[in-house]
Amino acid sequence: MYYLKKLFQLIVLFFNVLFFSQLHKNDTLRGEFTYLLKAKLSTLTCDYKHEEFFSLQVSDKRAFFASRQSIKRDSTFQTVQHKKLDHGGILLSTKGMNIPKTQFYYTIIQSNENVQFFESVSMSLLTYKEPVIKNWKLIDETKIINTITCKKAEVNFKGRNWIAWYSPEIPLPYGPYKFSGLPGLIVKITDDKEEYDFELVKSISASKLNDKLITIKKSRYTEAIETTPQKLKQAIKSADANTAGVLASYGTTIIQGQETIRQRQKEKEENKKYENPIELENDE
């Protein structure tokens, strides 16, 4: 019995090590790419385009896409001073902190099977899945972009016509936002109204990453609640209307920031009618 017990323990240990090694392997960076987004987020200011950098981190079987500013916010909020109150609530203070600003809080994971969208709403992480884009139209046209030889592709996606330039020389079927499924990394993609434009501005190959791991926090894409795009948008709308109230319901009090929250809520409500989202059509 003693030997059987030891054998069982060794088998369990073996599979635990195997599982950990596979998990580690999946989280190892095989390429890191930085995109610059230039976007007309509002119809109110026609001549202004918001600019923000995004990170596309590629592992063995999937790719993670998120705003670089939002990734920095995660690190910043880890240092926020907090104090437990007698009634069990939490007191947070952001006084004197330089919190990175971003317009994009979501995380997107691309794989060969699907594209999965994650976003935190009202202290909960929500997610939905969509199929990989299949209706790309490949065009026999070549263009050099930032010294990279690219080929052209077009697609209609969520109400916009997009022109993409991808590189077969970089055999990764990924790209910015939800755009994937081409036979090469997307180097540049723009809608035909030129209101949204993603362009690759920096890349780091696997040979220079030295087994570095994905830097996007796992809390951004694990233990999420399944939903639909429509329900997620409605949840965001409801949360925006009552940010302070939602935090209070979880026993959280923010000092040095309540007035800022109220002001941002007011501005968001006034600006909603001028929003120019990347997706113009909703899925039914």
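May I ask you to list the residues in segment 197-240 that are under 16 Å from the mean Cα position of the chain (by Cα) and within 16 Å of Asp60 (Cα to Cα)?
Answer for segment 197-240, where residues must be under 16 Å from the mean Cα position of the chain (by Cα) and within 16 Å of Asp60 (Cα to Cα): Ile214, Thr215, Ile216.
Applying the selection to segment 198-219, what residues are surrounded by 19 or more Cβ atoms within 10 Å (Cβ to Cβ) and either at pLDDT 95 or above or assigned to a strand (DSSP E or B) (or both)?
Selection gives Phe198, Leu200.
Checking the condition open to solvent by 40 Å² or more (accessible area, probe 1.4 Å) and within 28 Å of Ser42 (Cα to Cα), which residue from Lys193, Lys178 passes?
Just a single option satisfies the conditions, and that option is Lys193.
Given (1) among the small types (Gly, Ala, Ser); (2) in contact (Cβ under 8 Å) with a residue 24 or more places away in the chain; (3) open to solvent by 30 Å² or more (accessible area, probe 1.4 Å), where does Ala239 come up short, assuming only one miss?
(3)
Look at segment 45-65 and say how many of its residues are in a strand (DSSP E or B) and closer than 24 Å to Glu194 by Cβ.
Qualifying residue count, segment 45-65: 8.
Please go through segment 158-169 and give me each residue that is surrounded by fewer than 21 Cβ atoms within 10 Å (Cβ to Cβ) and either touching a residue at least 24 places away in the same chain (Cβ under 8 Å) or of a type in the set (A, V, I, L, M) (or both), ordered by number.
So the first thing to find is which residues in segment 158-169 are surrounded by fewer than 21 Cβ atoms within 10 Å (Cβ to Cβ), and the list is 158-161, 163, 167-169.
Listed by number, the residues that qualify are Lys158, Gly159, Arg160, Asn161, Ile163.
So if I check each of Leu23, Leu92, Leu4, which one is surrounded by 13 or more Cβ atoms within 10 Å (Cβ to Cβ) and at pLDDT below 55? It would help to see each step written out before you state the result.
On the way: Leu23 fails: surrounded by 13 or more Cβ atoms within 10 Å (Cβ to Cβ); Leu4 fails: surrounded by 13 or more Cβ atoms within 10 Å (Cβ to Cβ).
Being surrounded by 13 or more Cβ atoms within 10 Å (Cβ to Cβ) and at pLDDT below 55 holds for just one of Leu23, Leu92, Leu4, which is Leu92.
Does segment 120-156 hold any residues that are in a strand (DSSP E or B), open to solvent by less than 30 Å² (accessible area, probe 1.4 Å), within 27 Å of Thr228 (Cβ to Cβ) and touching a residue at least 40 places away in the same chain (Cβ under 8 Å), and which are they?
Val121, Leu125, Leu126, Thr127, Tyr128, Glu130
The values are calculated or read from the model by the stated rules, or taken from the named source; none is laboratory data. Everything quoted here is computed from the prediction, not taken from an experiment. Using ideal geometry, Cβ is built from the backbone for each residue, glycine included, and neighbour counts are taken over all protein chains shown. With ligands, DNA and RNA removed, areas are computed over all heavy atoms of the protein, side chains included. Shrake-Rupley method; radii C 1.70, N 1.55, O 1.52, S 1.80 Å.
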